Amino acid sequence: LGPGEMARYFLMVFLVRQLTVVWVVWEFERDVVEGRLSFRLLRPLDPFFEHLAAHVAERLARLPFVLLLVLLFFALFPEARFVPEVGDLLLGLGLTALAFLLRYLMQYAVAMLTFFTERAYAVEEVLFILLLFLSGTIAPLEVFPGWAQRLALLTPFPYLAYLPAAVLAGQEVEPWPGVGIMLLWGLFFLLLWRFLWWLGLRRYSGHGA
């Protein structure tokens, strides 16, 4: 990658990260520790969807500021300016939406550990370190050794930042195997969430909630 392409890639990583940031583990942990989950359970809507709606609403509020920063970046680094093709733009945004859902499922499944320990965020911090190194946030996967690339592509992390960012930046990447892996990991974390939710509610109600 040349200097302009590298700058463009990291700009798209910033954009994808802004659209996929998740903090539900801290909110859910606070609800359990402070007893507010009991009130949420009285509502007909699963807390999963309440938190999800709050995350989506925050994206809409954040979007104008993100676009202003993107315009400022193009003003400061004219060599990174480009006009994405419509197909790449739509595909990249679709992959970003999938990345957000996968990241949300991952963190929500981790949040279920709050039923068994009050420090579920510690597990999330370990996953975040892996996310930084394996998602292409620190450097594109192209600069990794071949064995590290193959190992990273088996995990969910490259599809949370690298894949949508590379597509948005107009790089030559094959997105469709990644989509399949994202769906498989999404199914895994979905089942893990439901299983831990079932176990956790039994434990939570057993403590008098």
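The values are calculated or read from the model by the stated rules, or taken from the named source; none is laboratory data. Source: prediction; values computed, not measured. In this analysis, Cβ positions are derived from the backbone assuming ideal geometry, glycine residues included, and neighbour counts consider all displayed protein chains. For the accessible areas, the whole protein counts, side chains as well, though only heavy atoms, and no ligand, DNA or RNA atoms are used. Shrake-Rupley method; radii C 1.70, N 1.55, O 1.52, S 1.80 Å.
Taking the solvent-accessible surface of protein heavy atoms with a 1.4 Å probe, what is the per residue accessible area of the chain in Å²?
Accessible area per residue: 54 Å².
Suppose a student asked you for the relative contact order of the chain, using Cα pairs under 8 Å spaced at least 6 residues apart; what percent would you report?
Taking the mean separation of contacting Cα pairs over the length of the chain, I get 32 percent.
Choose one of LEU42, HIS55, PHE73: the residue whose Cα lies farthest towards the positive end of the charge dipole of region 21-97 (beta-carbon charges +1 Lys, Arg; -1 Asp, Glu; about the Cα centre).
The residue sitting most towards the positive pole is LEU42.
Semi-axes of the equivalent ellipsoid of the chain: what are they in whole Å, largest first, if each equals the square root of 5 times a C-alpha gyration tensor eigenvalue?
Over the Cα atoms of the chain, the semi-axes work out to 35, 19, 14 Å.
Give the shape of region 123-190 as rounded, prolate or oblate, defined through the alpha-carbon gyration tensor: a ≥ b ≥ c are the square roots of its eigenvalues, a/c under 1.5 means rounded, and otherwise the shape is prolate if a/b is larger than b/c and oblate if not.
Judged from the Cα gyration tensor, region 123-190 comes out oblate (a/c at least 1.5, b/c at or above a/b).
Is there a quick way to get the dipole size of the chain? I mean about its Cα centre, with the Cβ of Lys and Arg at +1 and of Asp and Glu at -1; what is the value in debye to the nearest 20?
Roughly 540 debye, rounded to the nearest 20.
Could you give the distance between the Cα centres of region 123-164 and region 169-209, to the whole Å?
With region 123-164 and region 169-209 each reduced to a Cα centre, they are spaced 18 Å.
Pick from VAL167, VAL179, VAL33 the residue whose mean-square fluctuation is largest in a GNM of the chain, springs joining Cα atoms under 10 Å.
VAL33
Say each of LEU93 and ALA122 gets a label point 7 Å from the Cα, pointing the same way as Cα to Cβ; how far apart are those two points in nm?
The modelled label-to-label distance comes out at 4.3 nm.
Treating only the Cβ atoms of Lys and Arg (+1) and Asp and Glu (-1) as charged, compute the dipole magnitude of region 101-209 about its Cα centre; round to the nearest 20 debye.
Approximately 480 debye in magnitude.
To the nearest 10 degrees, how steeply does helix 3-20 sit against the main Cα axis of the chain, on a 0 to 90 scale?
Its long axis makes an angle of about 20 degrees.
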